[in-house]
Structure formats: structure tokens, C-alpha cells
Amino acid sequence: MNANSKALIPVVQLSDHEQEVQRALQICNACRYCESFCAVFAAMTKRLEFNQADIHYLANLCHNCGACLHACQYAPPHEFGVNIPKAMAQVRLETYQEFATPQPLGRLYKSVGIPFVSALTLIFFFCMLAVVWYKGTDLFAGYQGNFYAIFPHNFLALLFGATFTVAIVLLGIGISKFWRQTSKVIHGKVEKPDLVQATQNVLTLKYLDGGHGKGCNEQDDRYTQIRRVFHHLTFYGFMLCFAATGVATLYHYFLDLHAPYPYLSLPVILGTLGGIGLVVGPAGLLYLNLKRHPLHGDREQKPVDRGFIFLLLIVSASGLALMAFRNTPYMALLLIFHLATVMTFFITMPFG
Ligand code: SF4
Ligand code: SF4
């Protein structure tokens, strides 16, 4: 490389979807009607032009709430055809693919739909069934809720712990690549109040309130909080299930208390409450996804959205069924199916 080539400014060729976001945001910047709706518009007003890092950052700030589409006087069929939620969703998919680790697997983001997760779950189910059959375990004996009579505790802890750790590391690498690129657009340091504010916004899903507190749009111009409620049930249900697993691990290793735990023990109460949230939340989100206004978001991503929600639903429904029927002869089959759904969830987590 000679001295002249070092002086050249690198040119980043924007994709068609990135150019569409750039075009739409330039119209929004002149209009600014939606300025108070969400963080996207507040951030947008700090720019007159948008480079690739700006576009990636803004696309991932958008919650696809639909409020700006329903408010927009330039939305289709207007000739300007401004559809911010759709343009942002299309760029988001590109960022998921670009920052996926390993990157070639990013194309899975387009295929992890309901058929894919169902097939993977069945593959794991039959593999585990084959292992149990090979060991000569009686599938329908009365095990009184003792899961470890089917698979030893250490085997489960090692297999699922290792898979979950790999999934979290891959996700973490993807997030750090995204952070490195988009942090170029943030001037100054991220301060403690920023982190507190961002955490509050995440935990309350502030930007699903439409900017006026009445909620976002689903099928039409009416505002509703229902999507926020279902998201909260899903998220806090997941956290309760995670807490149940953590408490059970402490009981096992530090208090020498082993499963199965009574119905009124802390791990079972946390797991049951979390499981109910994780059934009701995803079932509601799946229903809303099927009913959403056709101009919201990117139609091509609906299969992957539905695949992920469906997977959460079968993980939690099979977990609750396992808890309810753990003292019956069907416990082993339910356990194997539940473990197959959990394994599918962990494996698709960085790409789904
Ligand atoms: S989405 Fe439409 S109404 Fe809202 S700021 Fe952009 S151009 Fe204006
Ligand atoms: S869809 Fe909602 S979150 Fe996304 S830019 Fe529009 S108002 Fe903001």
C-alpha cells in the first residue's frame, strides 16, 4: 500500500435496503411529525446524513411497533411510499446475518421457521429415544418424577450446560461485532445514567407504548398495550424459569437436596409460574403475528419470527406437561420430548 492509497477514504456501498432506510429517513428528517414516538426519531434528528453504521444502529433501535406507519401521511399508497417499520426490519435482518458467528450460518436467519424447528426437535427426540432404548431403560416404568433415572444428572448438566455456553458465546461475539461498528456513531462515552435509562427502557419495553403511553398498533389504527403485555409475560416467564434452574442447581450442589422437588418448593413454584408466562406470552405473540397489519415489518421474516415463538411455546408447554405428569408412566417420553425442544432452542438461539 503506498502513501496515496492510505489517504483514500474507504467507500461503503450501501445495500438496497440500507439505501431505502437512508431515503426514508431523509424524508422523516424534513417532516419530523413522529419525533416523540420512539428513540429512533430522537436519534435521527441528530443527523442530516446517514452512513451505514447510523443505519444499522437505528434499525436495531426500532421495535416494529407500527406507530409511525399508521401516523404517516407519506406511507403507501403515497408516492413517497415511506414505510419505516418495514425498511428497518429489512436492514435488521441484514445486520443479524452480517454479525452472526460463524458468519456463513447467518443465512439460517431466513430458514429457521416452524418446519425447521419441528424437524430439528424430532431429530433430537428420536436420537435420545435411541440412546434410552440402547441402554435398555424401561420407558413406561413408574419413576416417581425421578428424571435422573432416565439420564444421569451429570450427563444432562454437561451436555446442556456446554451447548448453552457455546450459544451464549456465539451470541456475545455477534453483539460485540455490532457494538464495535455502531459505537463509531456515538459521540462521547456511555455514562452510567445512559445505562440506567437504557435498562429501564428495556425492562418496561418503553418503546412499545407508541410515544403517548397508549400502546402500539397491531391490525389497524387503534392503539393497544397487548403486545407489550405478551412480551413481558414471555421475558419475565423466561427469567423465572432461568431462576428455577439456578435455584435447583444451588440445591443440588450446595444443599445436597436432589430432584424431584415437592410441588411447593421454590424451584417448582418459580418454574411453574415462569412456564405459565412462557406459554401465555408466546401463544399471544403468535396470534398477534398472524393478525398483524400486512404493511408492518418485513413479510419475508414472518416465518423465522413464527419459528422462534413456536419453539418457545413448545419448550414451555412440554415443561409444564412434564411437571404435571411427572408421576405417571409417561414421564420418560415427556422428559425426552422436553429435552429435545430445549436442545433445539439452544442450538438455534444464535441464528433464530
Ligand atoms: S414516518 Fe412519515 S409522518 Fe413520521 S416523520 Fe417520517 S415522514 Fe413524517
Ligand atoms: S415502528 Fe415504532 S419503534 Fe419503529 S421507528 Fe416507527 S415508531 Fe419507532
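Bins of 10 Å, beginning at zero and ending with the bin holding the largest distance: percent of Cα pairs per bin for the chain, please.
In order of increasing distance, the bins hold 5, 20, 29, 22, 14, 7, 2, 0 percent.
Can you tell me the relative contact order of the chain? Whole percent, Cα pairs under 8 Å, sequence separation 6 or more.
25 percent.
Test of understanding: ordering His56, His293 by Cβ neighbours within 10 Å, fewest first, what list do you get?
With the sparsest Cβ surroundings first, the list reads His293, His56.
Give the shape of segment 19-177 as rounded, prolate or oblate, defined through the alpha-carbon gyration tensor: a ≥ b ≥ c are the square roots of its eigenvalues, a/c under 1.5 means rounded, and otherwise the shape is prolate if a/b is larger than b/c and oblate if not.
Taking the square roots of the gyration eigenvalues as a ≥ b ≥ c, segment 19-177 is prolate.
So what's the back-of-envelope 222 nm ellipticity for the chain, counting only DSSP H runs of four-plus at -39500 (n - 2.57) apiece and dividing by all residues, rounded to 500?
Per the formula, -20500 deg cm²/dmol.
Fewest Cβ neighbours within 10 Å first, please rank Glu20, Glu191, Glu35, Glu79 accordingly.
On the way: Glu20 21, Glu191 9, Glu35 14, Glu79 6.
Least crowded to most crowded, the residues run Glu79, Glu191, Glu35, Glu20.
Within 10 Å of each residue's Cβ, count the other Cβ atoms and sort Leu311, Leu122 from fewest upward.
Fewest-to-most ranking of Leu311, Leu122: Leu122, Leu311.
When the scattering of segment 13-99 is computed by the Debye formula from its Cα atoms alone, each counted once and equally, what is log10 I(q)/I(0) at q = 0.12, 0.20, 0.21, 0.26 Å⁻¹?
Reported log10 I(q)/I(0), two decimals: -0.30, -0.87, -0.97, -1.52.
With each label point set 7 Å from Cα along the Cα-Cβ vector, what nm distance links Asp194 and Leu105?
Going from the Asp194 label point to the Leu105 one covers 3.1 nm.
Set Lys and Arg Cβ to +1 and Asp and Glu Cβ to -1, take the dipole of segment 13-99 about its Cα centre, and tell me which of Ile55, Gly66, Tyr96 lies farthest positive.
Most positive-ward Cα: Gly66.
Compute the separation of the alpha-carbon centres of segment 278-331 and segment 121-161 and state it in Å as a whole number.
About 24 Å separates the Cα centre of segment 278-331 from the one of segment 121-161.
At a threshold of 8 angstrom on Cα-Cα distance, excluding pairs fewer than six apart, so keeping six or more, what relative contact order does segment 13-99 reach in percent? Before the final figure, lay out each step's value.
Values: 81 pairs, mean separation 28.1, N = 87.
Taking the mean separation of contacting Cα pairs over the length of segment 13-99, I get 32 percent.
Regarding segment 82-161, what whole-number volume in Å³ per residue does the convex hull of its Cα atoms give? The partial results should precede the final answer.
Details: hull volume 12.9 nm³, N = 80.
Spread over its residues, the Cα hull of segment 82-161 gives 161 Å³ apiece.
Which angle between 0 and 90 degrees, to the nearest 10, do you get for helix 226-254 versus the longest principal axis of the chain when only C-alpha atoms count?
Tilt of helix 226-254: around 40 degrees.
No lab work stands behind these numbers, since they all come straight from the coordinates. It should be emphasised that the depicted structure is a prediction, and the values quoted were computed from it without experimental measurement. Using ideal geometry, Cβ is built from the backbone for each residue, glycine included, and neighbour counts are taken over all protein chains shown.
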